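Note sheet for the following structure.
The values are calculated or read from the model by the stated rules, or taken from the named source; none is laboratory data. Fair warning: this is a prediction, and the values are worked out from it, not measured in the lab. A quick note on method: Cβ atoms are made from the backbone with ideal geometry, for glycine too, and the neighbour counts reach across all protein chains shown. With ligands, DNA and RNA removed, areas are computed over all heavy atoms of the protein, side chains included. Shrake-Rupley method; radii C 1.70, N 1.55, O 1.52, S 1.80 Å.
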Amino acid sequence: MEFDGKVWPLAGGFGRYTRLVAAASWLPNVFVSLGFFSDVLYTSAPDYQCRGVSGGPCGVDNSNGSSGATLNSSRSCPGVWGLQVQSWLENTIVTQWDLVCENGWKVPLEKICYLMGWLWGYIIFGCICDRFGRRNAFISALVVALPLGVALCFSPGYLSFLAIRIVHGAALAGIFLSFYIARLELCPPGLRLMITMIGGFFWLGGELLLPGLAVLCSDWKVLQGAITGALLLLSGYWCCHLLFPESPRWLLATQQLNWCKTELCLFSRANGIDTGEDFNGRESLFTEIDSLWERFPRARYYSFCSLFKTRLIWRNALILGFTTFIGCGIRPCFARNLMAIGGSIPYFLQGGSEILACIFLCITVNHWGRRAVLLLCTILTGFCSLLLLALTQYLLTPVSIAISVLGSLSSHAVVMLSVFFASEVLPTVIRGSGLGVILGLSMLGRASFPIIILQQRSGFFLHHVVFSSFCILSVLSLLLLPETKKKPLPDTLRQGESLRRPPLLLQATQDAMPLLSHGKPRADYNPDSYARLASSTKKMIRTNSTNGRDNKALTND
């Protein structure tokens, strides 16, 4: 059944209550963003002086006040891994557990494990979204995130911190994913992009607010407590069903009709639509649903494995997952050049480029289409990467920084648009698990740079070359994607298979039969009226046959 064209308008569509629910789904992005980017501050290395002799232990000494490490021995100290020096927190996990010099490898290991926690969280809670619903996935993720957030504040050592951090990151990923999908499924085709991009602005707002919050807290444990307290506010979405109702689109797609009718009644009344007392009458909200299903069907769920039984959906998901992986993996290549500025400027330069990327997508995507803008951003990302790869030694520092900012902007646009594009291509029945895998690939791309740091930066040039090559390869694969601008979201696998790429050249003219006329359809023809008539006729025939059997039974008695 066409949800956007038939069912959703009868429930008020994007009315006042639906707009309120969509706006309420933006605020959790701020709190989850604080938790995601907190890892940058927790693992930042302060100014320290290596006091150990060759082969001896190293300690932290903040009395130096220099911007880097001063070595008292001729031995090359591994502690110089900390290129980005932050001064927002006075106490981090680096200073608390002396994660410098011989213990410096534990810092990139923590980054990798934290990102892997987000990866598994996206996959696991994406499957929960498809099996138990978007709201239940959020509740389960919140129940896990709150106690673990408190436990992080009292971590006795590095290993316990690492274990708790992994599961806590997975829970935060579940919160983000459940709100992202639920928000998308409420929006009409023309407003999906704008509502999603506003959610992206709230995510970036949390990233930019984090340094100020860190200055106020000054200690990583206090900052973690403040972030957990912010997450506690999300319990209001759990207690108040009106703030986060279940997605009627998912309920209808999985054939959970009774629950779907309950949620549609909630939206209809809150949007100010008079449904009447008889919900099963001819003119009620559920006429279309009752005409499609004559009996009470069993709920039908799909898993991520169902994706491999399709011909087009899995290909589109693979392409968009690949571009998401590239966009996140190539960003450290641009961020590394920004580190030459020093101080806090690189952090805000990246945040500013991400804001500009969101604004660019808001302006261009609805006008030019998803595929064209994604192709443009991917080409621009590859071009900036190749420039830095070939001409870094010959470019002036301001030019190199400008190219890096432009590359960071375009790569972030690639990631955001790829995830949004994937959410429109994947059908509702597997949108959670499919989008979870694609977002998990973005975390895998982010983890590629800490892996290089763990190897003492021995493979950074190869990393840059590989991702630049991947970026060029993805340009060719993007031509196979369909265009979803102003199209309704697919709900079933069959609808997802119907999304095909537009022709690269002009559309071919259709062959016309000379003996057949191609006039316009009759104005008095309404397929909906004929569908209702057919449904009513079937019910009357079934009722008459039942009454006839009853009368025959009474006659025999």
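Descriptive notes on the structure:
- Apart from one condition, LEU375 fits all of (1) in a helix (DSSP H, G or I); (2) open to solvent by less than 30 Å² (accessible area, probe 1.4 Å); the exception is (2).
- For segment 324-348, the set of residues classified as of a type in the set (Phe, Trp, Tyr) and within 24 Å of GLY212 (Cα to Cα) consists of TYR347, PHE348, listed by residue number.
- Residues of segment 131-157 that are part of a helix (DSSP H, G or I), touching a residue at least 40 places away in the same chain (Cβ under 8 Å), within 14 Å of TRP238 (Cα to Cα) and open to solvent by less than 10 Å² (accessible area, probe 1.4 Å): ARG134, ALA137, PHE138, LEU142, ALA145.
Matching residues to (1) modelled with pLDDT of 95 or more; (2) in contact with a Leu (Cβ under 9 Å, 6 or more places away or on another chain); (3) not aliphatic (A, V, I, L, M):
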{"residue": "ASP98", "(1), (2), (3)": "no, no, yes"}
{"residue": "CYS101", "(1), (2), (3)": "no, no, yes"}
{"residue": "TRP105", "(1), (2), (3)": "no, yes, yes"}
{"residue": "PRO108", "(1), (2), (3)": "no, yes, yes"}
{"residue": "ASP130", "(1), (2), (3)": "no, no, yes"}
{"residue": "PHE138", "(1), (2), (3)": "yes, yes, yes"}
{"residue": "VAL143", "(1), (2), (3)": "yes, no, no"}
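- Among the residues of segment 183-209, those identified as over 16 Å from LEU27 (Cβ atoms) and either aliphatic (A, V, I, L, M) or open to solvent by 40 Å² or more (accessible area, probe 1.4 Å) (or both) are LEU184, GLY190, LEU191, LEU193, MET194.
- Taken together, the residues in segment 346-397 that are small (Gly, Ala, Ser) and either more than 23 Å from GLY205 (Cβ to Cβ) or more than 25 Å from the chain's Cα centre (by Cα) (or both) amount to 5.
- Some residue of segment 339-347 being open to solvent by 10 Å² or more (accessible area, probe 1.4 Å), hydroxyl-bearing (Ser, Thr, Tyr) and not in a helix (DSSP H, G or I): yes
- Members of segment 100-130 found to be more than 20 Å from VAL437 (Cβ to Cβ), open to solvent by less than 10 Å² (accessible area, probe 1.4 Å) and in a helix (DSSP H, G or I), listed by number: CYS101, VAL107, PRO108, GLU110
Each row is one residue, and each column tells you yes or no for (1) modelled with pLDDT of 80 or more; (2) open to solvent by 20 Å² or more (accessible area, probe 1.4 Å).
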site: TYR17; (1), (2): yes, no
site: VAL21; (1), (2): yes, no
site: SER25; (1), (2): yes, no
site: VAL40; (1), (2): yes, yes
site: ALA69; (1), (2): no, yes
site: LEU83; (1), (2): no, yes
site: GLN86; (1), (2): no, no
site: VAL94; (1), (2): yes, no
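- Helices (runs of 4 or more DSSP H) contained in segment 429-523 and holding at least 2 residues at pLDDT 85 or above and within 20 Å of the chain's Cα centre (by Cα): 431-454
- Tally, over segment 6-41, of residues that are among the aliphatic types (A, V, I, L, M) and under 23 Å from LEU234 (Cα atoms): 9
- Of the candidates LEU231, LEU266, the single residue that is part of a helix (DSSP H, G or I), more than 22 Å from ARG16 (Cβ to Cβ), open to solvent by less than 70 Å² (accessible area, probe 1.4 Å) and at pLDDT 90 or above is LEU231.
- Residues of segment 158-175 satisfying the condition of being open to solvent by less than 10 Å² (accessible area, probe 1.4 Å) and aliphatic (A, V, I, L, M): ALA171, LEU172, ALA173, ILE175
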